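K.L.:
Attaching a single structure in structure tokens format; questions to follow.
The values are calculated or read from the model by the stated rules, or taken from the named source; none is laboratory data. It should be emphasised that the depicted structure is a prediction, and the values quoted were computed from it without experimental measurement. Here Cβ is always computed from backbone atoms with ideal geometry, including for glycine, and neighbour counts include all displayed protein chains. Heads up: the accessible areas ignore ligands, DNA and RNA and are worked out on the full protein's heavy atoms, side chains in. Shrake-Rupley method; radii C 1.70, N 1.55, O 1.52, S 1.80 Å.
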Amino acid sequence: MKILAIAGSNSETSINKFLVSYASSLIENAEVEIVDMNDFEMPIYKHQREAESGVPQEAHDFAAKIDGADVLLISLSEHNGTYSTAFKNVFDWTSRIKDRAVWNQVPMLLMATAPGGRGGLGVLEAAEKRFPLHGGNIVDTFTLPFFNDNFDKSAQKISNEEKDSELKEKIQKISAIESILEK
């Protein structure tokens, strides 16, 4: 099974990258690629820019990574209640590729974490509404509130047993996709 793990942040110390990396480590016998949003940095989307120059190669490269995956693990960074600018720009450009649904119906586990008590719930809610309109096949969602209290960075895992069990159940659900894909 090929897993594409996306942290929707361009921060080198992204807590969402910690979460998506941990989540991907829970899937056995998987080939995992963790996406660095910095590899897909493009000019800010503007209609005139698209008309003059077309869709940047980075957007096509991002789309190719999605197309090569069996499952997407996406952990979104929340900035003022919605996507980070880095993620939103890649999403916008990828949505402009002709005859393409951004997520191409690849099954996904959609996640978010944040230092606060809502755990990125605002961005998760926004994505749950928006992604299906762009080919998003959301199998399940997970949020981790109070990241600094519930995640052990040195051990690189969730330290809150209840939240860890919840994520593991959701990972089992998304891992079941493999048996469906093999049929």
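K.L.:
For residue 49, what is the net charge nearby, where nearby means another residue's Cβ is under 14 Å from its Cβ and Lys, Arg count +1, Asp, Glu -1?
P.N.:
With Lys, Arg at +1 and Asp, Glu at -1, the net is -2.
K.L.:
Right, something else. With an 8 Å Cα cut-off and a minimum separation of 6 or more residues, compute the relative contact order for the stretch 15-171 in percent.
P.N.:
Dividing the mean separation by the residue count of the stretch 15-171 yields 24 percent.
K.L.:
Separate question: Where does the charge balance sit around residue 39 when Lys and Arg score +1, Asp and Glu -1, over other residues with C-beta under 10 Å from its C-beta?
P.N.:
Neighbour charge sum, excluding residue 39 itself: -3.
K.L.:
With the dipole of the chain worked out from charges on the C-beta (+1 for Lys and Arg, -1 for Asp and Glu) around the Cα centre, which of 160, 147, 8 lies farthest toward the positive end?
P.N.:
8
K.L.:
Decide, for the stretch 89-163, between rounded, prolate and oblate: order the square roots of the alpha carbon gyration tensor eigenvalues as a ≥ b ≥ c, take rounded if a/c falls under 1.5, and otherwise choose prolate if a/b is larger than b/c, else oblate.
P.N.:
Cα axes put the stretch 89-163 in the prolate bin.
K.L.:
Per residue, how large is the accessible surface of the chain? Use a 1.4 angstrom probe and give square angstrom.
P.N.:
50 Å²
K.L.:
Could you tell me which of rounded, prolate or oblate describes the stretch 1-91, using a ≥ b ≥ c as the square roots of the eigenvalues of the alpha-carbon gyration tensor, with rounded for a/c under 1.5 and, failing that, prolate when a/b is larger than b/c and oblate otherwise?
P.N.:
Oblate shape, in that a/c is at least 1.5 and b/c is the bigger or equal ratio.
K.L.:
Here's another thing I want to ask about it. Residues in the stretch 33-68 near a label at residue 2, defined as backbone nitrogen under 12 Å from the 7 Å Cα→Cβ point?
P.N.:
33, 63-68
K.L.:
Let me ask something additional. Report, to the nearest whole %, how much of the accessible area of the chain belongs to carbon and sulfur atoms, 1.4 Å probe, protein only.
P.N.:
Percent of accessible area from carbon and sulfur atoms in the chain: 44.
K.L.:
Right, another one. Classify the stretch 53-183 as rounded, prolate or oblate from the Cα gyration tensor: take a ≥ b ≥ c as the square roots of its eigenvalues, call it rounded if a/c is under 1.5, otherwise prolate when a/b beats b/c and oblate if not.
P.N.:
Verdict is oblate for the stretch 53-183.
K.L.:
Tell me the mean residue ellipticity at 222 nm calculated for the chain from its helices only (DSSP H runs of n ≥ 4, each -39500 (n - 2.57), averaged over every residue, nearest 500).
P.N.:
That comes out to -12000 deg cm²/dmol.
K.L.:
Report, by chain and number, residues whose modeled amide H sits under 5 Å from the one on residue 8, excluding near sequence neighbours (fewer than 5 apart, same chain).
P.N.:
75, 76, 77
K.L.:
Further question on the same structure: Using the Cβ atoms and a cut-off under 14 Å, what net charge is assigned to the surroundings of residue 9, where Lys and Arg are +1 and Asp and Glu are -1?
P.N.:
Summing Lys and Arg as +1 and Asp and Glu as -1 gives -3.
K.L.:
In addition: Considering only DSSP beta bridges where both residues belong to the chain, give the percentage that are antiparallel (nearest 5).
P.N.:
The antiparallel proportion sits near 15 percent.
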